Every structure is written in C-alpha cells, then in structure tokens.
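Down below is the structure, laid out as structure tokens.
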Amino acid sequence: MTLLAEQTTTEAATTLEGADVAVLPVGSTEQHGPALPLGMDHMAAEAFAKTARERDDAVVLPTIPVGVSVHHRQFDGTLYVSEEAFESFVRETLESLAEHGCRKAVVVNGHGGNSNALRSAARTLRDAETMFAPPWNWWDSVGDLADELFEEAGGHADAMESSVLWHVREDLIRPAELEAAEAGASDGWGESVHGANLGFDTIDFSESGAVGKPTQASPEAGAQLFGAARDELHALLDWLVERPLESCWSRGHV
C-alpha cells in the first residue's frame, strides 16, 4: 500500500525510506459541460496515479483538486487559483516531501491549464537541486491512439476526456447529455481573428463549455486510452527510478 494519506506516520517512515519516486496527482474542479462532472480532471489524474499504489518503489501523494481554471469562471461550479498560487502550492508540497528523503517525483496532471505553473515549479525545484519532478499530461501520451479512435480536434470535455471518465467513473458520466454538450461545443480551442487568439475565456467560443465531438465517446475507447496512458506512466516511473539523482540536475555552463 503506497497511498501516503492512508498511512500512519510510523508506516510512512518505512514507505518513504523505500520510495525511489513519488507520484503527485493534480487537476482541477471546473466545468466540463453538461455530461461530465466538475472533478473530471483531478479524478482522472488520481486514477492514473493510483495505478502506482502497488509498486514497492513509489509512493502516491494526496491529490491537489483545484488548479488554474480562471478561463472557465463563467460556468457554475468552477473553482480556481492563480498560476502563482498553484505553482507555489505544488512546489512547496514537493519541497516538504524532499525533507523526508524522496527527491524524485512525477506530477500526474489532469488539466492543461496547470501546465505552465507545473513547468515553472519543476524548473525551480531542479535549479535548487531539491527535487526532480517532471509533469506528465496523460493525454499527451496517447495522442496517436486518440487520433485513431476519434475524428475531432478536441481539447475539453471532448470524446477523449469523456471516454476516460466513462471508464474510470461510469457512475458520474451523463451519456444522455453528450448530444447537448456537442451541440454547443466548438470544433477547436480558442477563437482566432486575423491571426489573434481572442478566446481568453471558454465562454468566448463554446456555449456548452465543451470543445470537440463528445458523442464519439465510449467506455471501450476509455479502457484503451486508460491502459495505454497507464503503461506510459509506469514506463516513465521505471526510467526515473533507474536515473541517478545527480543526472537529473541542470548541466553547467559550456
């Protein structure tokens, strides 16, 4: 059992002594249209992270459920923090973990809006030689498979996200609402006018909050996507476990 939050402090001492790498799931609590729950992103991240719970060389940290989602603020239920606050929270959480001796981690990210902050946190931790913690976006690891399964540009509450949640939390998806989500969706992310992206908020280009073709979603596709992404995550964990810590730091000036 490697879920840190479920252990006592004495159990955690043993777990952390044997952990070569930590897994930190992060996501968001934000609108995902009428068919998916607000917690889609952090639920997906947590599901991927928990696949590492039986590894002897890893420890799974508690999920961070609120992220950088200000662009969804016009839709009910969306919660958000600034990039600076999110970056600091993630960085300081990992700094506290480093005090216990675990200095390599994978941040399993479920929300694209978190990406800039996570890269910033990872760079700061690396430059200080405190922690090597690359962010991992599950959707980036299965882009080719998604292209085979769906005909969409996608981007948010689309067929890919809907399918993964259908597999992970079947009880929370509303299949009857997928048509409504698609009816008010945009084909791609943003709104371009003469080369300028004016889609500052999701409501600027999507009436339902969705982007893509969510009616193409299915639990079978979700199982394929989840399995493929899970395998990529564990391959990354294997690579990181084997990588010497001194090889993770920034190289000197040449």
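Things to note:
- P(r) tail for the stretch 76-126: Cα pairs beyond 12 Å make up 66% of the total.
- Positive dipole terminus of the chain, leading residue within L61, T51, L172 (C-beta point charges): L61
- Pair A196, D127: separation of 7 Å Cα→Cβ label points (nm): 3.2
- Membrane-span-like helices of the chain, defined as complete DSSP H segments with a Cα extent of 27 Å or more along the helix axis and a mean Kyte hydropathy of at least -1.0, are identified as 219-242.
- Charge tally in the Cβ shell below 11 Å around D201, where Lys, Arg are +1 and Asp, Glu are -1, D201 excluded: -1
- Viscosity 1.002 mPa s, temperature 20 °C, Stokes-Einstein D of the stretch 69-155 from Kirkwood C-alpha radius, µm²/s: 147
- The portion of the accessible surface of the chain made up by carbon and sulfur, rounded to a whole percent, is 48 (1.4 Å probe; DNA, RNA and ligands excluded).
- Among L245, S192, P219 - extreme Cα towards positive end, dipole of the stretch 183-254, charges at beta-carbon: L245
- Model label sites at E17 and R73, defined 7 Å from Cα along the beta-carbon direction, differ in position by 4.9 nm.
- In the chain, the DSSP-assigned H stretches of four residues or longer account for a calculated mean residue ellipticity at 222 nm of -12000 deg cm²/dmol, using -39500 (n - 2.57) per stretch and the full residue count as denominator.
- Cα Rg, Dmax (largest Cα-Cα span) when computed across the stretch 85-207, Å: 18.0, 52
- Ratio of Rg to Rh for the chain: 0.99 [Cα atoms; Kirkwood radius as inverse mean 1/r over pairs].
- Diffusion of the stretch 126-180 by Stokes-Einstein, at 20 °C in a medium of 1.002 mPa s and with Rh set to the Kirkwood radius over alpha-carbon pairs, works out to 158 µm²/s.
- In the chain, the DSSP beta bridges split such that about 20 percent are antiparallel, to the nearest 5.
The values are calculated or read from the model by the stated rules, or taken from the named source; none is laboratory data. Values in this document were obtained by computation on a predicted structure and should not be read as measured data. A quick note on method: Cβ atoms are made from the backbone with ideal geometry, for glycine too, and the neighbour counts reach across all protein chains shown. Ligands, DNA and RNA are stripped out before the accessible areas are found, and what is left, the full protein with its side chains, is counted by its heavy atoms. Shrake-Rupley method; radii C 1.70, N 1.55, O 1.52, S 1.80 Å.
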